[in-house]
Amino acid sequence: MKLLKNFLRYISGIVLFFALSGLLTFSPALWFNYSPPEDVSYTKISHRGAAALAPENTLAAVEKGLAYNPDRIEIDVQQTKDGR
């Protein structure tokens, strides 16, 4: 009887965990019928160029990122071993 009680407690804990984690993954925008203000402007930034399409922070990534018509392109500048 004690084994069954512990097993049911264990299973109910797992079910509760997944139920709560499922609730937390939904966007609060769905809960409150949120829509962003109309007077807000957005800036499209190509982070590290198009890092998913070419090695990040390379000229190839920047060129591919330009195809998406961003407002800005951000890259990480690093000094090379030869000091340039």
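The values are calculated or read from the model by the stated rules, or taken from the named source; none is laboratory data. Treat the numbers as computed from the prediction; the structure is a model and nothing was measured. Methodologically, a virtual Cβ is constructed for each residue, glycine included, from the backbone with ideal geometry; neighbour enumeration extends over all protein chains shown.
For the stretch 24-75, the set of residues classified as surrounded by 10 or more Cβ atoms within 10 Å (Cβ to Cβ), in a helix (DSSP H, G or I) and modelled with pLDDT under 85 consists of Ala29 only.
Residue check: is Leu8 surrounded by 10 or more Cβ atoms within 10 Å (Cβ to Cβ) and either out of contact with any helix residue (DSSP H, G or I) (no Cβ under 7 Å at 6 or more places or on another chain) or modelled with pLDDT under 85 (or both)? Break it down into steps so the answer makes sense when it comes.
Details: surrounded by 10 or more Cβ atoms within 10 Å (Cβ to Cβ): yes; either out of contact with any helix residue (DSSP H, G or I) (no Cβ under 7 Å at 6 or more places or on another chain) or modelled with pLDDT under 85 (or both): yes.
For Leu8, the condition - surrounded by 10 or more Cβ atoms within 10 Å (Cβ to Cβ) and either out of contact with any helix residue (DSSP H, G or I) (no Cβ under 7 Å at 6 or more places or on another chain) or modelled with pLDDT under 85 (or both) - is met.
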